[in-house]
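What follows is a set of notes on a single structure, which appears directly below.
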Amino acid sequence: MSYFQIDGGYPLKGKVKLSGAKNAAIKMIVASLLTDEEVVLEDVPEISDVEVDIEIVRSLGVEALYIRPNVLKLCAKKIHSYEVFKELSSKSRASILLLGPLLYRFGKAKIYELGGCKIGSRPLDRHIEALKTLGAKIGYLDGAYTAESTGRLKGTSVVFEKVTVMGTENVILSSVLAEGKTKIIGAALEPEIDDLILLLTKMGAKITRVTDGAGRNTIEIEGVEKLSGATHRIIPDRNEAVTFALAAAVTHGDIAIENARPKDLTAFLAKIHQAGVDYEVSESGIRVWHEAGKKLNSLDLMTSPHPGFMTDWQQPFSVLLCLANGTSTIHETVYSNRFEYAKELNRMGAKISLFHPAVVPSIYSFSDYADDGLYAARISGPSDLRGKRLTVADLRAGATLVLAALAAKGKSEIFGIELIDRGYERLEEKLKALGAFIERRN
Ligand code: EPU
């Protein structure tokens, strides 16, 4: 079993280039099913979540081929199956997005229970209700979801009372070729959704973002008869940007993150500034640095959907807060169980305790609220982190442990790094080029 060995306590310095966004790439691979023509995606991150997605669409008959490094050509002309095998469905959350495109191709679709990181119960009710609203008949038996439609799905209004990123994407992918107009009311605003919209627009879809009369974020989609091929460069991964920015901050380093898009990172940049970390934005990206001896400030943060402070960022940000002076809090409102990393950081010398915040439950995006749920963390700092043998709980928790190990004194061994490989392309190579002492060992 592979693991990372990290010798921490050294500043990371230099330049790094971001890979394409995982959470855009996996949706775009699905979008290729909506046309018989070629879809070429550039800057595809070669990570295991993308590999699983490719395996899934290939199993359906889609031709998928890297024509250059990170350039993936997809062609769904010979698609022959409407069923995603159980072992493949269970490896990826993207399978749920295949229902709409498979309904378009075959009038029926079948997938099984989904995989993905264990960060809460992650139900699919919002997806299922939305697809039903568009006219799909959805069944569920023994872990299998089936979908059927007679003819094309029918455009209509879909209302999300609570925001959902992939739910929004699911309706987009299901309605671009539906009959008539679809409105997604309460649509999520994430940049990866806009990138998917951009690809689909190049393919001939008619999609616009508007704010409706009641001030709700809305996406309007005018169904078209047919989509064509397109070439599209995927936006840089903002979660990777945050990881490298924090790597600079927690190691007293100085990293220029080429191709980072400041507009996707506004809430994050505001928080590192508040913490006392320096950054500057230039045409080519963002530079982040933190001088040795300069104190870090504690702060309170709450996660929320875009344009707020993203849930995926709170985990790595916790390492910075462990090093800050005073007591900080992190309030997680998007997922019900995203603090698994805290135990491991505490073993390294952090002082993190979880608690139930006294707020109205309606602020949470998740549906499995419990009166005693531990949805916030209190972090007392500064702590001297020490290297340990660590185990990764989920993808972003993995990045968190890597950052903690880079900041800590001594050696760490991090196990479960296949979870990190799901979302980070050549992480150890990029960190090494910045001066990190990190090795992948078997
Ligand atoms: N939810 C439901 N029912 C649904 C859908 C969602 O209760 O039908 C709940 C979820 O359990 C969660 C909340 O609503 O508590 C928000 O979930 P959302 O649907 O917005 O998340 P997602 O689309 O499944 C994507 C990213 C996540 C990222 C979130 C939030 C992908 C593949 N995943 O998940 O990324 O954290 O949006 O921005 O795009 C990651 O990259 O490691 C990752 C987990």
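The values are calculated or read from the model by the stated rules, or taken from the named source; none is laboratory data. Note that the structure is a prediction, hence the values are computed from the model and not measured. Note: ideal-geometry Cβ built from the backbone for every residue, glycine included; neighbour counts use all protein chains shown. Just the protein is used for accessible areas: all its heavy atoms, side chains included, with ligands, DNA and RNA removed. Shrake-Rupley method; radii C 1.70, N 1.55, O 1.52, S 1.80 Å.
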(message) The conditions are (1) part of a strand (DSSP E or B); (2) open to solvent by 40 Å² or more (accessible area, probe 1.4 Å); (3) small (Gly, Ala, Ser), and residue 256 fails exactly one of them. Which is it?
(response) (2)
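Test residue 405 against the criterion of being under 30 Å from residue 70 (Cα atoms), buried (at least 24 other Cβ atoms within 10 Å of the Cβ), in contact with a strand residue (DSSP E or B) (Cβ under 9 Å, 6 or more places away or on another chain) and not acidic (Asp, Glu), and give yes or no.
Values: under 30 Å from residue 70 (Cα atoms): yes; buried (at least 24 other Cβ atoms within 10 Å of the Cβ): yes; in contact with a strand residue (DSSP E or B) (Cβ under 9 Å, 6 or more places away or on another chain): yes; not acidic (Asp, Glu): yes.
Yes.
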(message) Out of the residues in the range 168-193 meeting the condition of being touching a residue at least 40 places away in the same chain (Cβ under 8 Å) and out of contact with any helix residue (DSSP H, G or I) (no Cβ under 8 Å at 6 or more places or on another chain), tell me which one is nearest to the ligand (Cβ to nearest atom).
(response) 189
(request) Spot the failing condition for residue 51; the list is (1) open to solvent by 10 Å² or more (accessible area, probe 1.4 Å); (2) over 19 Å from the mean Cα position of the chain (by Cα), and only one is missed. (result) (2)
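Which one of 377, 433, 393 is among the hydrophobic types (A, V, I, L, M, F, W, C) and either under 20 Å from residue 45 (Cβ atoms) or touching a Gly at 6+ places or on another chain (Cβ under 6 Å) (or both)?
433 is the lone residue from the list that is among the hydrophobic types (A, V, I, L, M, F, W, C) and either under 20 Å from residue 45 (Cβ atoms) or touching a Gly at 6+ places or on another chain (Cβ under 6 Å) (or both).
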(message) If residue 95 satisfies all but one of (1) modelled with pLDDT under 95; (2) under 20 Å from residue 367 (Cα atoms), what's the number of the condition it fails?
(response) (2)
(request) Collect the residues in the range 175-190 that are in contact with a Gly (Cβ under 6 Å, 6 or more places away or on another chain) and surrounded by fewer than 19 Cβ atoms within 10 Å (Cβ to Cβ), keeping them in residue-number order. (result) 179, 180, 181
(message) Just to be sure I understand, how many residues within the range 130-140 are touching a Gly at 6+ places or on another chain (Cβ under 9 Å) and within 16 Å of the ligand (Cβ to nearest atom)?
(response) 4
(request) Consider residue 150 carefully, then state whether it is in a loop (DSSP other than H, G, I, E, B) and over 17 Å from residue 94 (Cα atoms). (result) yes
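Given the criteria under 20 Å from the mean Cα position of the chain (by Cα) and either acidic (Asp, Glu) or away from the ligand (no atom under 16 Å from the Cβ) (or both), does residue 337 qualify?
The answer is no for residue 337.
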(message) Quick check on the range 282-300. Is at least one of its residues at pLDDT 95 or above, part of a strand (DSSP E or B) and within 16 Å of the ligand (Cβ to nearest atom)?
(response) no
(request) Among the residues of the range 346-363, write down those that are touching a Lys or Arg at 6+ places or on another chain (Cβ under 9 Å) and either under 18 Å from residue 250 (Cβ atoms) or open to solvent by less than 40 Å² (accessible area, probe 1.4 Å) (or both). (result) 347, 348, 349, 351, 352
(request) Can you run down the residue pairs with Cβ atoms below 6 Å, 6 or more apart or on separate chains, where the first is in the range 323-335 and touching a residue at least 40 places away in the same chain (Cβ under 8 Å) and the partner is charged (D, E, K, R) and more than 15 Å from the ligand (Cβ to nearest atom)? (result) 325/295; 329/300; 329/378
(message) If I go through the range 364-392 residue by residue, how many of them are within 22 Å of the chain's Cα centre (by Cα), within 16 Å of the ligand (Cβ to nearest atom) and open to solvent by less than 40 Å² (accessible area, probe 1.4 Å)?
(response) 6
(message) Just the residues that are under 12 Å from residue 111 (Cβ atoms) and more than 13 Å from the ligand (Cβ to nearest atom), please, taken from the range 141-161.
(response) 143, 144, 146, 147
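Could you identify the single residue in 235, 197, 219 that is within 19 Å of residue 37 (Cα to Cα) and in contact with a helix residue (DSSP H, G or I) (Cβ under 8 Å, 6 or more places away or on another chain)?
Working: 235 fails: within 19 Å of residue 37 (Cα to Cα); 219 fails: within 19 Å of residue 37 (Cα to Cα).
Sole residue among the options that is within 19 Å of residue 37 (Cα to Cα) and in contact with a helix residue (DSSP H, G or I) (Cβ under 8 Å, 6 or more places away or on another chain): 197.
How many residues does the range 259-277 contain that are of a type in the set (Val, Ile, Thr), assigned to a helix (DSSP H, G or I) and closer than 15 Å to residue 318 by Cα?
So in the range 259-277, the residues of a type in the set (Val, Ile, Thr) come out as 266, 272, 277.
Restricting the remaining residues to those that are assigned to a helix (DSSP H, G or I) gives 266, 272.
From what is left, the residues that are closer than 15 Å to residue 318 by Cα are 272.
Within the range 259-277, residues that are of a type in the set (Val, Ile, Thr), assigned to a helix (DSSP H, G or I) and closer than 15 Å to residue 318 by Cα number 1.
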(request) Identify all residues within the range 302-328 that are within 15 Å of the ligand (Cβ to nearest atom), hydrophobic (A, V, I, L, M, F, W, C) and open to solvent by less than 60 Å² (accessible area, probe 1.4 Å); write none if there are none. (result) 309, 310, 313, 317
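Restricting to the range 65-90, name every residue that is under 24 Å from the mean Cα position of the chain (by Cα), surrounded by fewer than 20 Cβ atoms within 10 Å (Cβ to Cβ) and in contact (Cβ under 8 Å) with a residue 24 or more places away in the chain. Step through it out loud before you land on a result.
Start the filter on the range 65-90 by keeping residues that are under 24 Å from the mean Cα position of the chain (by Cα), which leaves 65-66, 69-74, 84-90.
When the remaining residues are screened for being surrounded by fewer than 20 Cβ atoms within 10 Å (Cβ to Cβ), the result is 65-66, 69-71, 73, 85-87, 90.
Within the range 65-90, 70, 71, 73, 85, 86, 90 qualify.
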(request) Name every residue in the range 427-436 that is surrounded by fewer than 18 Cβ atoms within 10 Å (Cβ to Cβ) and either under 11 Å from residue 399 (Cα atoms) or in contact (Cβ under 8 Å) with a residue 12 or more places away in the chain (or both), in order of residue number. (result) 433, 435
